[in-house]
Amino acid sequence: MKQYCLNTKFNFGKHKSETLEQVAKLDNLYIEWCLLYHDNFLISDEVLNKIKKSIPDFSLSKLAEFARQLKLKKNQYPSSINNNLTWSNLVILKALTEIE
């Protein structure tokens with residue numbers, strides 16, 4: 001899993017060649033999409049705090065934050081989560097468990 005820093009450039013998608021910091025300023029929803037649907041996209045707590053400090057209105061949805069936390073856990077303990085289950089599926093599973 002690739003941990004993005006503020007100066008890490010995207011190598012995919014509509015923001016290819018732009019840095020995480022640039023995309024965070026321009027397209028907050030794209031960061032959310034990456035956290036939810038791109039299995040190799042990860043932002044550490046430290047980087048997220050730097051983004052929030054430089055962009056005060058930046059925020060993540062509860063679901064995107066949940067996906068980020070799962071990815072941090074997987075990165076920390078790679079064998080503890082079934083690798084056949086994609087992050088997208090875990091996010092969907094989490095969402096379904098919250099439906100009343």
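The values are calculated or read from the model by the stated rules, or taken from the named source; none is laboratory data. Bear in mind the structure is a predicted one, so any value in this text is a computation, not a measurement. Positions of Cβ are backbone-derived with ideal geometry, glycine not excepted, and every protein chain shown enters the neighbour counts.
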Exercise for the section: Counting only residues that are without any contact (Cβ under 8 Å) to a residue 40 or more places away in the chain and within 18 Å of Q76 (Cα to Cα), give me the helices (runs of 4 or more DSSP H) lying completely in the stretch 1-64 with at least 3 of them. Expected result: 45-54
Practice task
Identify, from the list S59, S44, S88, the residue that is touching a helix residue (DSSP H, G or I) at 6+ places or on another chain (Cβ under 8 Å) and either at pLDDT below 80 or among the aromatic types (F, W, Y) (or both).
Solution key: S88
Practice task
Say whether the condition of being more than 10 Å from the chain's Cα centre (by Cα), closer than 14 Å to L70 by Cβ and modelled with pLDDT under 95 is met by at least one residue in the stretch 1-11.
Solution key: yes
